[in-house]
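Each value in this text was obtained by applying a stated rule to the coordinates, not by laboratory testing. Just so we're clear, the structure is a prediction, and the values are computed from it rather than from any experiment. Quick reminder, even Gly has a Cβ in these numbers, built from the backbone with ideal geometry, and neighbours come from all protein chains shown.
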Amino acid sequence: MFTKRAKTLPDNVFRLLNARIVFQLATLFAVCWLQQACGGKSRGEATDFRVALLTPGPISDQAWNGGAYNGLLRTRDSLGAKISHIQVKTPSDFEENFRQYGASGYSLVIGHGFEFQDAAARVAPDYPNTVYVTTGGETVRPNVAALSFAFDEPSFLAGMVAASVSRSGVVACIGGTELPPVKASFEAFTAGVHAIKPAAQVIVTYVGNWDDMGAGKEQALALIQRGADVIFQNADAAGLGVFQAAKERLGIFVIGSNSNQNEIAPAAVLGSVVIDLPHAFLLVAREVQSGTFTGRVIRFGTRDNVVRWEPSVLLGRRAVARDLQRVDSVQAMMRAGAFARPITGARP
Amino acid sequence: MPTAVLDGFLEATVRSATPLAFAALGELVAERSGVMNIGLEGAIAAGALAAFLGAQIAGPEIGFVAGGVAGALVAAVFAFFVLALRSQQIIVGAAVSMLGIGLSASIHRAMVSAGASTAQVQTLASLPVPGLSTLPVVGDALFAQPISTYLLYFLFPLTGWVLYHTVFGVALRATGERPLAVVAAGHSAAKIQLAALIFGGVLAGLGGATLVVAQTGTFSDGMSAGRGFIAIAIVALGRWTPRGVVVGVLVFGAVSALQFLAQAMAWNVPYTLVLASPYVLTLAAMAIFRGSRTAPAALGQPLDGGL
């Protein structure tokens, strides 16, 4: 009698504990699943042609990731592709999701960034019927292509504009993290600044991530305090804080990146260094759909107008007319392919 | 340091410290009642989104309040699992953290896809306090801030007073040390912890709200950027007292401001090293102050069946 009680009591406790742990784990998994499910939405009609996009940040950034999502939508609207998008954080996520899409028979999977190239090279041989494309990078396989953008060309033009508008002679760059394409863009920007004002100072800073808008704004305010009056931002969502800082201070101007950001703060934005991602995605998606795709580095520049400098309405009122003519003539030379690159550092 | 640079640095310190101060003060109260809520990050994210939505519909003041409400809801989820189901605090906290971050990101994403979200909302204006804002050195930094910052100046002393000078405060602190004694004295330990958790949730939500309505004027996924976890570290750093937490948030704010300044002044330090400094500081402080005042004795322990 007693022995029986003594046995059943801890048994019950254990069962209860187990039930609780199982319940907690279930909750945890449910949450993870919810994140995945809501992150990876599929849309469009059922066709054979399926395109997936992996972005390293939220598509609400109105910049690098937002532009890519518009590109994905373009493949749906123009080519009738069935599309899927997922936001990923770590390199292990890159590889895992590349495999998922390969295993589910997607025709084209775009890893949106320089940082996706290693994962693409590792996964691609296992899924030969899927084409993997990275935006940036130089890695090529039979079913891997890299889109390479001459982002340095319009960055150089942006630097010329910044120097022309700056009254303090101090201009600044705010990046997310020190990725090679970002660094190269800032170097080109600096060269552009010095082409107009050789004595101007260019301060290059990084937020340390691409999400923290509060930190992006504080970095901008610290630069403004230091005397910078034109800021070139390339920090995606964190960069939205830079526009907010410019809105709150008079006489401070911002240059946007990746998407046309001229409307984010019309009173403060001089222009944007734009990558026409919809154009680039559509081009490669068309090749994949028609079966003409070959793995290679696909280069875009000012010449084909995929990467371009888009001035805002404000710029004409703020910059020196003579400088703007120089910007135009350099741009014309870039378009003609006749511009001798003064730009040092790695190409993106 | 030239005056203008010093002023800028102090202002950046206070701005960087504000969201941390809300979250850390809330967590302090929760931890003093014996509950370790590591779901803070989720409440901050939810508060930020709610503030963004509220500000779109009815202006930044309402947005600020909405942030507090959202934080309370997230804390209520945590409290349900921890107090009603007696689940492990750390496990529930981790899940709630992910829930808050994931859900707010998903809701925002759905709104962006549907084109229902405007990009920018109005922010709270800064209200200089007549007289005080003209004080040398600290005037602008402390007294030319939005109303949300002034709220903190009342909340910290008020919380200290309630914790140390009221019956409820004694019962709350006792719950964190010896819940059985509190029950023996005729209080409900679970109700006290519920109150502490909801208070903590409201404050974490307000912390998230300040990111939107007092600073950036917009929302983005991941904009909480680990502030919830830093707030938890600050509570330990501040040795579980309101005064210690004040010092902790100011130190963290100052280190953040210093890393913005270091880059802006083009001091020749690798930026990654500067960015890592707040975290290095936390670890250093933990090592230096170890044992000088221990955590509440019952911190993190689920209440026994009968409480």
### Summary
Across A:197-210, the residue-averaged tally of Cβ atoms belonging to other chains within 10 Å stands at 3
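Just tell me how shielded B:133-139 is by partners: mean number of partner chain Cβ atoms within 10 Å of each residue's Cβ, no decimals. Spell out each step's value before the answer.
Working: counts 0, 0, 0, 0, 0, 0, 0.
The shielding value for this peptide is 0.
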### Message
Please report the antiparallel percentage of the DSSP beta bridges confined to segment A:57-170, to the nearest 5.
### Response
10
### Query
Using the beta-carbon distance between residue A:267 and residue A:299 and R0 = 25 Å, what value does 1/(1 + (r/R0)^6) give for FRET efficiency, to the nearest 0.05?
0.10
### Query
DSSP loop trypsin sites (Lys or Arg not before Pro) in segment A:60-115 with at most 14 other Cβ atoms within 10 Å of their Cβ, which ones?
A:89
### Task
Could you check which residue among B:97, B:277, B:33 shows the biggest mean-square fluctuation in a GNM of chain B with a 10 Å Cα cutoff?
B:277
### Query
Under 5 Å between amide H atoms, partner at least 5 residues away or on a different chain: which partners does residue B:145 have, H built in plane at 1.01 Å?
B:127, B:129
## Note on the structure
Counting sequence-distant residues (5 or more places) and residues on other chains, those with an amide H built under 5 Å from that of residue A:299 are A:148
### Query
Once amide H atoms are built 1.01 Å from N in the peptide plane, which residues 5 or more positions from residue A:131, or in another chain, come under 5 Å H to H?
A:108, A:109
### Task
Arrange the following residues from fewest to most other Cβ atoms within 10 Å of their Cβ: A:287, B:31.
A:287, B:31
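Within 10 Å of each residue's Cβ, count the other Cβ atoms and sort B:140, A:328 from fewest upward.
Values: B:140 19, A:328 13.
With the sparsest Cβ surroundings first, the list reads A:328, B:140.
Could you compute how fast segment B:191-307 diffuses translationally, taking Rh as the Kirkwood radius over C-alpha pairs and applying Stokes-Einstein at 37 °C with viscosity 0.692 mPa s? Give it in µm² per second.
On the way: Rh = 16.7 Å.
Answer from the Stokes-Einstein relation: 197 µm²/s.
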#### Entry: Gyration tensor verdict on segment B:70-173 (Cα atoms; rounded if a/c is under 1.5, prolate if a/b is larger than b/c, oblate otherwise)
oblate
### Query
For segment A:292-307, in order, what is each residue's ³J(HN,Hα) by Karplus, 6.51 cos²θ - 1.76 cosθ + 1.60 with θ = phi - 60°, in whole Hz (x at glycine and Pro)?
9, 5, 10, x, 6, 8, 9, 9, 10, x, 4, 4, 9, 6, 7, 10
### Message
If R₀ is 35 angstrom, what is the calculated FRET efficiency for the pair residue B:158 and residue B:84, using the beta carbon separation as r and rounding to 0.05?
### Response
0.75
### Task
Quantify how strongly other chains surround peptide B:86-96 by giving the mean number of their Cβ atoms within 10 Å of each of its Cβ atoms.
3
## Note on the structure
Scoring segment B:11-97 by relative contact order with C-alpha pairs under 8 Å, at least six apart, yields a percentage of 31
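Please state the shape class of segment A:133-238: rounded when a/c is under 1.5, otherwise prolate if a/b exceeds b/c and oblate if not, all from the C-alpha gyration tensor.
Working: a/c = 3.36, a/b = 1.50, b/c = 2.24.
Note, shape of segment A:133-238 comes out oblate.
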### Label zone at residue A:168 (point 7 Å along Cα-to-Cβ), backbone N below 16 Å, segment A:231-245
A:231-233, A:242-245
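Rank the residues A:333, B:36 as a footprinting-exposure proxy: fewest other Cβ atoms within 10 Å of their Cβ go first.
On the way: A:333 13, B:36 19.
Listed from fewest to most nearby Cβ atoms, that is A:333, B:36.
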### Summary
Note on the protein assembly as shown: alpha-carbon gyration tensor, axes a ≥ b ≥ c; rule is a/c under 1.5 for rounded, else prolate if a/b larger than b/c, else oblate; result oblate
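Which whole-number percentage describes the relative contact order of chain B, with Cα contacts under 8 Å and a sequence gap of 6 or more?
Numbers: 562 pairs, mean separation 112.8, N = 307.
Across chain B, relative contact order equals 37 percent.
Among A:154-160, B:266-272, what's the highest-first ranking by average C-beta atoms within 10 angstrom per residue?
On the way: A:154-160: 28.6, B:266-272: 11.9.
By packing density, highest mean first, the sequence is A:154-160, B:266-272.
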### Query
residue A:320 versus residue A:90, label points 7 Å from Cα toward the beta carbon: distance in nm?
5.2
#### Entry: Relative contact order (%) - segment B:77-209, alpha-carbon pairs under 8 angstrom, separation at least six
14
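By the scheme Lys and Arg +1, Asp and Glu -1, what is the net charge of all other residues having a beta-carbon under 14 Å from that of residue B:162? Display every interim value, and only then the final one.
On the way: positive: B:32, B:173; negative: none.
Around residue B:162, the charge tally is +2.
Once R0 is set to 22 Å, what does the formula 1/(1 + (r/R0)^6) return for the Cβ-Cβ distance between residue B:5 and residue B:266, expressed as a FRET efficiency to the nearest 0.05? Don't skip to the answer; put the middle values down first.
On the way: r = 13 Å, r/R0 = 0.59.
So, using R0 = 22 Å, E works out to roughly 0.95.
For chain B, compute Rh as the Kirkwood radius over C-alpha pairs and then the Stokes-Einstein diffusion coefficient at 4 °C and 1.567 mPa s; write the answer in µm²/s, rounded to an integer. Please report the intermediate quantities before stating the final value.
Working: Rh = 19.8 Å.
The calculation lands on 65 µm²/s.
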### Summary
Over the protein assembly as shown, the sum of -39500 (n - 2.57) across DSSP H runs of at least four, divided by residue number and rounded to 500 deg cm²/dmol, gives at 222 nm -19000 deg cm²/dmol
### Task
With θ set to phi - 60°, apply the Karplus curve 6.51 cos²θ - 1.76 cosθ + 1.60 along segment A:163-175 and write out the HN-Hα couplings as whole Hz, x wherever there is a Gly or Pro.
4, 5, 7, 4, 9, 7, x, 10, 10, 9, 10, 10, x
#### Entry: Distance (nanometres) between label positions extended 7 Å along Cα→Cβ at residue B:132 and residue A:313
4.3
## Note on the structure
Label model pair residue A:286, residue A:335: point-to-point distance (7 angstrom along the Cα→beta-carbon line) in nm is 2.1
#### Entry: Kyte-Doolittle mean at least -1.0, axial Cα span of 20 Å or more - DSSP H helices of chain B
B:3-32, B:40-58, B:60-79, B:89-113, B:147-165, B:189-209, B:242-264, B:271-288
